[in-house]
1. At 0.36 nm per residue, and after removing the present C-alpha to C-alpha distance, how many nm does the segment from residue 292 to residue 97 gain when stretched out fully?
2. Would you mind computing, in nm to one decimal, how far apart the modelled labels at residue 225 and residue 106 are, each placed 7 Å from Cα along Cα→Cβ?
3. Spin-label point model (7 Å from Cα, Cβ direction): what's the residue 7 to residue 78 distance in nm?
4. Please say if the range 9-329 is rounded, prolate or oblate, where rounded means a/c under 1.5 for a ≥ b ≥ c the square roots of the C-alpha gyration tensor eigenvalues, and otherwise the choice is prolate for a/b larger than b/c and oblate otherwise?
5. Given a cut-off of under 8 Å on Cα pairs at least six residues apart, what relative contact order in percent is computed for the chain?
6. How high is the FRET efficiency between residue 217 and residue 328 when r is their beta carbon distance and R₀ equals 30 Å, given to the nearest 0.05?
7. Label-point separation (nm) for residue 15 and residue 31, each offset 7 Å from Cα along Cα-to-Cβ?
8. Determine the shape class of the range 233-277: with a ≥ b ≥ c the square roots of the Cα gyration tensor eigenvalues, call it rounded for a/c under 1.5, and otherwise prolate if a/b is greater than b/c, oblate otherwise.
């Protein structure tokens, strides 16, 4: 990599289309603790802070907490979708629904945030392809198959013993996502299921918020073999700011530690397969030093340039690679 000393970090940052593969901010809004359209000193992210940070595309995860996963999962996911729609109606000058790559590019031109709706875990499908199709009609364009535990489609990483792969329903879900134009997300998925997805999917997949296991041996991180397989599929692994996915012990984890994960993923996968998946508002225990909330994203651009990444490589990491997958799968 050649150093490009003339590249100004702030100019490059705000000229770049930034697309984040995962945040959990809708949970706080649904709980009534704050509004997406109002700047807050709570949590990591909201629309004013996203716009200040230059974010153009944001996947808003509709996560179903454990108390609702067995009973009421579909309803809870719909409540999170409704929360997004209410915030979009209240903030038309700041937020739009993105169901295509063109919508995200339009948000960049207009200075808005394009919200991509995602389900985190197949629990909300209630074992039904009909429900999946209805979620698609409501605007869902990303499906995370698992959240740590077992559901009708697959096993997550916290299933004890020997976790299984995709169920027969899970195989149907992957095929239907390919047909409809929904990006399949393999973060939280147990290893056998990840292998099954990659063998079955005719479209590239993403890991929306996972890091390199070679640098931090956490169950939610991915091995080099898994990284290579996702790259061979044409997919993208989106590095996350969760401190305990970055370093063990995690207290004191820094932006430099995070950048080492980007270095490693690129060394294993190539520059076209690494993206950003903050997981903002999905963790509360501690923050990555130097990345306390979304407004600190320009420091990431500066850090990448300081490491010698060329501007085009920075653009790919911050959003270009994820947008490529979104365009190919969704349209």
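Laboratory data are not the source of any read-out in this text; all were calculated from the coordinates shown. Keep in mind that what you see is a predicted model, and the values were worked out from it rather than measured. Ideal geometry is used to build each Cβ from the backbone, glycine not excepted, and the neighbour counts take in all protein chains shown.
1. 67.6 nm
2. Spacing of the two 7 Å Cα→Cβ label points: 4.5 nm.
3. Using points 7 Å along Cα→Cβ, the separation is 4.7 nm.
4. Verdict is rounded for the range 9-329.
5. Relative contact order comes out at 22 percent.
6. 0.40
7. Result: 4.0 nm between the two label points.
8. Values: a/c = 2.82, a/b = 2.14, b/c = 1.32.
The shape class here is prolate.
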